[in-house]
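Beneath this line is the structure, given in structure tokens, with notes to follow.
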Amino acid sequence: MLNVKIDTKEKFTVITPQDAHLPAIMTDELTQMLLSGLQKDIPHIILNMQAVQIIDVPVAETIAKSQQDFYEKNCSFVVCNLNKEVEAVFNNADILETLNVTPSESEAWDMVQMEEIERELLGD
């Protein structure tokens, strides 16, 4: 069972996995949880990875794929607080450049709000 903290804000939802290891066995559960965010009134997600020390490649790929799904639907998806080991997994799988990553949660908030302004200016 995936252990996460979910904090719903006015403009987005922060999902913070509480487990130090995100194994491949959690891939389907994580996918369902992330994509369920697209059904919400406020479909923007910040994935705060501060507690995660180890991530398996399939989970990293799921996060990247979920982010693409969000952006295809004009919704924001930002990953923050990656430690060096987890960042290396994304990098070695050649998906780090495709991710929208910020060093901190507050910068992720800023990113979501900037993207919202961009969407408004572009008229969705």
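Compared with the dominant Cα axis of the chain, that is its longest principal axis, helix 27-36 is turned about 10°. In sequence order, segment 91-108 has phi-based couplings of 5, 5, 8, 6, 10, 4, 5, 7, 8, 9, 10, 10, x, 9, 5, 5, 5, 5 Hz under the Karplus curve 6.51 cos²θ - 1.76 cosθ + 1.60, θ = phi - 60°, and Gly or Pro positions carry x. Atom-type composition of the exposed protein surface of the chain places 51 percent of the accessible area on carbon and sulfur (1.4 angstrom probe). Between Asp41 and Asn83, the contour length at 0.36 nm per residue exceeds the alpha carbon distance by 12.0 nm. Considering the values (i) 1.04; (ii) 0.99; (iii) 1.35, which represents Cα Rg over 2.2 N^0.38 Å as calculated for the structure under consideration? Computed from these coordinates, Cα Rg over 2.2 N^0.38 Å corresponds to label (ii). Between the amide H of Val4 and those of Gln18, distances stay under 5 Å, these residues lying 5 or more places away or on another chain, with hydrogens modeled in the peptide plane. For the chain, the longest principal axis of the alpha carbon atoms and the long axis of helix 57-72 meet at an angle near 10°.
Over the chain, Cα pairs under 8 Å with separation of 6+ residues give a relative contact order of 23 percent.
Solvent exposure of the chain, expressed per residue, is 54 Å² of accessible area, with all protein chains present and a 1.4 angstrom probe.
With both labels modelled 7 Å from their Cα along Cα-to-Cβ, the Asn3 to Ala20 distance reads 1.1 nm.
The values are calculated or read from the model by the stated rules, or taken from the named source; none is laboratory data. The structure presented is a predicted model; accordingly, all values stated were derived computationally and were not measured. We place every Cβ from the backbone using ideal geometry, glycine too, and count neighbours over all the protein chains shown. Just so you know, the surface numbers come from the protein's heavy atoms only, side chains and all, with ligands and any DNA or RNA stripped out. Shrake-Rupley method; radii C 1.70, N 1.55, O 1.52, S 1.80 Å.
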